[in-house]
Amino acid sequence: MTRHQGKNSASAPAVPDEGAAQRALETQLSWDDPEQEPGKPCPCGSTAGLHDETCDCEDGAVLIHTMRLPGSTEDVTVWEDTFACTHGCSEFTEKVTLPDAPWGVRERAVDRRGVPYEQIRVFPGIQHMQEALLPGSDVA
């Protein structure tokens, strides 16, 4: 896991909206404890969807929201949420679009030959598991 800083730029460009970067960090890192307790409010702020749904593997088993990572290499508003059974029988992911909490910004840049290109810059501190696939990550 790494942070995308943008390649071949003399200095990393400033985040256009520090509030957006802070919202992204809060969106990804809102879990104080990776083991959310069933029946308690989810750290992500949502009570809809799969939160606390029962799992059919055992009596008392429920699905809890355990992680959130950027979920796209093209759309900065798509996140991927991981849900797990409290009894360990299953784990899966679901994509969620959060337009008010993008994990990065799409921007124009210029390579060392002066050719313009588009890149996605991940906000500082955000972990993106597919960073090498982001637009602009292969520009030399």
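The values are calculated or read from the model by the stated rules, or taken from the named source; none is laboratory data. On a predicted model such as this, the values are computed, not experimentally measured, just so you know. Cβ coordinates were reconstructed from backbone atoms using ideal geometry, including for glycine residues, and neighbour counts include every protein chain displayed.
Among residues of segment 100-124 that are among the hydroxyl-bearing types (S, T, Y), those with a beta-carbon under 8 Å from a residue that is assigned to a strand (DSSP E or B) at least six positions away or on a different chain give the pairs Y117/R108; Y117/A109; Y117/V110. Only one of the numbered conditions (1) over 28 Å from Y117 (Cα atoms); (2) modelled with pLDDT under 85 is not met by R3, and that is (1).
Within segment 87-96, the set of residues being surrounded by 12 or more Cβ atoms within 10 Å (Cβ to Cβ) and within 19 Å of E74 (Cβ to Cβ) comprises T93, E94, V96. Between E53, E80, E18, E74, the distinction of being over 18 Å from P124 (Cβ atoms) and either at pLDDT below 85 or in contact with a helix residue (DSSP H, G or I) (Cβ under 8 Å, 6 or more places away or on another chain) (or both) belongs to E53 only.
Restricting segment 105-131 to residues that are hydrophobic (A, V, I, L, M, F, W, C) and either assigned to a loop (DSSP other than H, G, I, E, B) or over 15 Å from the mean Cα position of the chain (by Cα) (or both) leaves a set whose member that is surrounded by the fewest Cβ atoms within 10 Å (Cβ to Cβ) is V115.
Take the conditions closer than 23 Å to A24 by Cβ, surrounded by 14 or more Cβ atoms within 10 Å (Cβ to Cβ) and modelled with pLDDT under 85 and apply them to P102. Does it pass? Against the criterion (closer than 23 Å to A24 by Cβ, surrounded by 14 or more Cβ atoms within 10 Å (Cβ to Cβ) and modelled with pLDDT under 85), P102 does not qualify.
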